[in-house]
1. Which residues, taken from the range 560-609, are polar (S, T, N, Q) and either in a loop (DSSP other than H, G, I, E, B) or at pLDDT below 95 (or both)?
2. Does THR580 count as within 12 Å of the ligand (Cβ to nearest atom), touching a residue at least 60 places away in the same chain (Cβ under 8 Å), more than 19 Å from LEU451 (Cα to Cα) and touching a helix residue (DSSP H, G or I) at 6+ places or on another chain (Cβ under 9 Å)?
3. Inspect all residues belonging to the range 413-430 and state whether any of them is within 11 Å of the chain's Cα centre (by Cα) and either modelled with pLDDT of 95 or more or assigned to a loop (DSSP other than H, G, I, E, B) (or both).
4. Between THR435, THR409, which is within 28 Å of ALA557 (Cα to Cα), within 16 Å of the ligand (Cβ to nearest atom) and of a type outside the set (A, V, I, L, M, F, W, C)?
5. Return the total of residues in the range 122-159 being in contact (Cβ under 8 Å) with a residue 24 or more places away in the chain and either polar (S, T, N, Q) or in contact with a His (Cβ under 7 Å, 6 or more places away or on another chain) (or both).
6. Working carefully through the options GLY284, GLY249, GLY272, find the one that is within 22 Å of THR81 (Cβ to Cβ) and either surrounded by 17 or more Cβ atoms within 10 Å (Cβ to Cβ) or at pLDDT 95 or above (or both).
7. Does ASN56 satisfy the condition of being touching a strand residue (DSSP E or B) at 6+ places or on another chain (Cβ under 8 Å) and free of Cβ contacts under 8 Å to residues at least 12 places away in the same chain?
8. Within the range 443-456, is there a residue that is in a helix (DSSP H, G or I) and within 15 Å of the ligand (Cβ to nearest atom)?
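The values are calculated or read from the model by the stated rules, or taken from the named source; none is laboratory data. Small disclaimer: the values here were computed from a predicted structure and weren't measured. Every residue, glycine among them, receives a Cβ derived from its backbone with ideal geometry; neighbour counts consider all protein chains shown.
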Amino acid sequence: MCGIVGYTGKKAAAPILINGLKRLEYRGYDSAGLAVTSPDGIFVEKAKGKVSELVNKLAEHGEDSPFHDSSSGIAHTRWATHGPPTTENAHPHASDRIALVHNGIIENYKALKANLVSQGYKFLSQTDTEVLALLVDSYYEGDILQAVTTALKDVEGTYGIACMSQDEPGVLIVARRGSPIVLGVGDGETIVASDASAIIKHTRQAIYLDDNDIAKIQGGDIDIMSLDSGIVSREASEIDWSPDAAEKGGYEHYMLKEIYEQPDAIENTIRGRMDMERGTAMLGGLGLSPRDMADLNRLVIVGCGTSLNAGLVGEFATEDFAGICAEVEQAAEFRYRNPIINSKDLVLAISQSGETADTLAAVREATDKGALVAGLVNVVGSTIARETGRGVYLHAGPEISVASTKAFTCQVATLLMVALKFARSRRMSVVNGRTFVQEIKNLPNLVKQVLAKEQQIAEVAERYVKYEKMFFIGRGYMYPVAMEGALKLKEISYIHAEGYHAAELKHGPIALLEESMPVVALALKGPGKEKTIGNIKECSARDARVLGIITEGDEEAKSEVDDFIEIPECRLHAAVVPATVALQLFAYHVARLRGCAIDQPRNLAKSVTVE
Ligand code: AGP
């Protein structure tokens, strides 16, 4: 996730900006930069890699350079979304008159860029942010507030920005729509940031901008307006977090923060990719026309861990809705078993990190066997993203906690879009396509409804803390949920949790059932529910306590289980997301109550870059 820091006041800006960026490093980034204003104009320095690289570059400027004595500036850590992590793509982006840093996604940047090019503007980067910076410049006539205000009215998408001009040293313009900006109120000074962790060292008085707010700041003077309604009043509030908590946005663990980020993360994943009119998905990064999609015979999905579990959903949905062969394979198995692959296959490699060794090896094996290979990756510019050369970025933002949560739900949302694209290149009608689009767009809402049940889920979790082993069972689309729920619980609580297809119980595992072996059963309304209820009865008959993940209001299912968590009613391919979020929260609270190291579980790494 990108980070923004700004300063205007009486002190030297650069050290404050650098320290602020360091406080935001936890958010994950791949480049950094800053700009300061002085009577001699705007000075910009940027570096690929860590903030320390930027510090080294600043040190090369003489003591008398504006970098060392300017008292106003802006800074940024970039999490690449448009364009790979390079110095040219790092922020701030600037003309010779203004400089700007940005968090968010400018959806209509291509159209804006074409217009600016027609006006004679030259671009140095591949970013949407540079388009915004030069758009501001194109409206600039000496009043930076007016130029930014006018430019933002042309923008579609999300932004959190800080901007300044050569003619108004000490003046910062900040604005937000969909990406947070907070103002730290000081004595004759103001610290601007994308989250409180960069402010808390200087002041605990914070003003949080609302969407469509824009503010002009100079020293301690702050004037806030709304792009919609003119002057507004925003009261300062007390930041009562510790600096460490601030990095987690006030959450106790990154995992919980990332669980709660899922509605926004899924919004970012689907943003600009849903065409309701034509009832399809727009996945430009795949580089496949409907005709190309129609020519493909099979989808092969490879991944590991959580990504492998998400791949199962992709397999089921693609066969279910597109009517073509689809299969998912553990990446290490795929790379060594000499798979039958040909040029009519699309091999989709799923990887949050884009660096998993086995998945990368599977990409290379599929490539060598002549398949069309694509990546479904979160980290822009990662090895798998680069080696596949085509694919779909998750845009889920950095996932810090080792246990993958928002990556999974964003992977599922993306796989549903891939299935839709395949389906609409075959027998799915535009009407059914629109229904599917609506279901994908509704996923954030379903997640919010489950997040609202956290307290109830925590209470249920308390009843399962004492167990050392547990089954998770499900059928159809609920089978991947059972696998993912079991993985979450085992990796953060160290309980031996096993995911099984519900029909498999009778083929051996049921021998293990007893009072000390509870079962989590995915028994949502839809195909397979009645059979799963039968499995629940088998478990109860052997004294196993059963936690049902059930559809809201399903009294029949409630009567068959010992505990339950209710999920909003929806078709099962969509229900994967809210049901998984319920099990993420369940695992989190069991592990929290067991006092486990939730964000860094023993023996685990966030990215397994070795075989
Ligand atoms: C899931 O919670 C784990 N962190 C792990 O299974 C992970 O999903 C797996 O290592 C694959 O990682 P990737 O998505 O970055 O390739």
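1. GLN600, ASN603, SER607, THR609
2. It is false that THR580 is within 12 Å of the ligand (Cβ to nearest atom), touching a residue at least 60 places away in the same chain (Cβ under 8 Å), more than 19 Å from LEU451 (Cα to Cα) and touching a helix residue (DSSP H, G or I) at 6+ places or on another chain (Cβ under 9 Å).
3. Looking through the range 413-430, none of the residues is within 11 Å of the chain's Cα centre (by Cα) and either modelled with pLDDT of 95 or more or assigned to a loop (DSSP other than H, G, I, E, B) (or both).
4. THR409
5. Within the range 122-159, residues that are in contact (Cβ under 8 Å) with a residue 24 or more places away in the chain and either polar (S, T, N, Q) or in contact with a His (Cβ under 7 Å, 6 or more places away or on another chain) (or both) number 11.
6. Only one candidate qualifies: GLY249.
7. So ASN56 passes the test.
8. Scanning the range 443-456 turns up no residue that is in a helix (DSSP H, G or I) and within 15 Å of the ligand (Cβ to nearest atom).
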